[in-house]
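The values are calculated or read from the model by the stated rules, or taken from the named source; none is laboratory data. It should be emphasised that the depicted structure is a prediction, and the values quoted were computed from it without experimental measurement. Note: ideal-geometry Cβ built from the backbone for every residue, glycine included; neighbour counts use all protein chains shown. In case anyone asks, the SASA skips ligands and DNA or RNA and just uses the protein heavy atoms, side chains included. Shrake-Rupley method; radii C 1.70, N 1.55, O 1.52, S 1.80 Å.
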Amino acid sequence: GQSLEQPSEVTAVEGAIVQINCTYQTSGFYGLSWYQQHDGGAPTFLSYNALDGLEETGRFSSFLSRSDSYGYLLLQELQMKDSASYFCAVTNAGKSTFGDGTTLTVKP
Amino acid sequence: DTGVSQDPRHKITKRGQNVTFRCDPISEHNRLYWYRQTLGQGPEFLTYFQNEAQLEKSRLLSDRFSAERPKGSFSTLEIQRTEQGDSAMYLCASSLVEPRANEQFFGPGTRLTVL
């Protein structure tokens, strides 16, 4: 089976940097994905790591350590619109297992 | 292409009735996925197709659930004899195959309420 753990809530102020951690246990592993979901909206793909290291996409970066079964999403220069839920997901041969999400609240 | 579409967006039904949802993926995507999401939880994998072949189905999925993708384009998800516990958002997603399978594009979902 597969399971993922991430913090349930994170709060930060506008302009700050926040890191959302994700640890996973899997029986098979292709990579770690991150999705953003606003209230009432659909999940939107943010990034994917198949190999160890940091992937940068604009204000968002994602990191993976396969040996530690650990990854994180880093959001820089936080904006109010970044308030949303963030999900990590492990992918194994087409099947994705999602964590329960981290609700990020950005305050002015 | 305007992305993944789902129909209907909302469905209210009485316990014991059958319901069917439709998903139209992004046209060039081979993979199509169905998920279920309840409040405060992440999307829960139900099943996925590559073209018209159903490659995996969650062991958590009861026999009341069935999905088809007859021509490798749109897909339908049917729930027979609905129960109150089936109330959830049903999400469809599509993607290319590896190495791009990890980038899934989600539709707006169908919200099911079973009374």
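The residues of region B:1-111 have, on average, 52 Å² of accessible surface per residue, using a 1.4 Å probe with all protein chains present. Here's how it looks for B:Ala88: its modeled amide H is under 5 Å from those of B:Leu112, which are all 5 or more places away or on a different chain. Looking at the protein assembly as shown, the DSSP beta bridges with both ends there are about 90 percent antiparallel. Rolled with a 1.4 Å probe across the full set of protein chains, the surface gives B:His29 an accessible area near 20 Å².
For region B:8-115, the list of trypsin sites (Lys or Arg not before Pro) that fall in a loop by DSSP and count at most 15 other C-beta atoms within 10 angstrom reads B:Arg9, B:Lys14, B:Arg15, B:Arg59, B:Arg64, B:Lys71, B:Arg81, B:Arg100.
The mean sequence distance of close C-alpha pairs (under 8 Å, at least 6 residues apart), as a share of the length of chain B, puts its relative contact order at 37 percent.
Using θ = phi - 60° in the Karplus curve 6.51 cos²θ - 1.76 cosθ + 1.60, the 3J(HN,Hα) couplings for region A:76-91 round to 10, 6, 3, 10, 4, 5, 7, 4, 5, 9, 10, 10, 9, 8, 9, 10 Hz; x is entered for Gly and Pro. Measuring r between the beta carbons of A:Ser69 and B:Gln41 and using R0 = 25 Å, the FRET efficiency lands at 0.70. Site pair A:Gln79 and B:Thr2 shows an inter-label distance of 2.5 nm when each label is modelled 7 Å from Cα along Cα→Cβ.
Projecting label points 7 angstrom from Cα along Cα→Cβ for B:Thr13 and A:Arg59 puts them 4.1 nm apart. Using heavy atoms of the protein chains and a probe of 1.4 Å, the accessible area assigned to B:Glu28 is about 110 Å². For region A:11-27, just list the computed ³J(HN,Hα) in residue order, Karplus coefficients 6.51, -1.76 and 1.60, θ = phi - 60°, integers in Hz, with x standing in for Gly and Pro. Coupling constants for region A:11-27: 10, 8, 9, 3, x, 7, 10, 9, 10, 10, 8, 8, 10, 9, 10, 9, 8 Hz.
Applying a DSSP loop filter and a limit of 15 other Cβ atoms within 10 Å to the GluC sites (Glu not before Pro) in region A:1-55 leaves A:Glu14. Distant-in-sequence amide contacts of A:Thr44, defined by a placed amide H-H separation under 5 Å and a gap of 5 or more residues or a different chain, comprise A:Gln36, A:Gln37. Take every Cα pair under 8 Å whose residues are at least 6 apart in sequence, average their separation, divide by the length of chain A, and the relative contact order is 37 percent.
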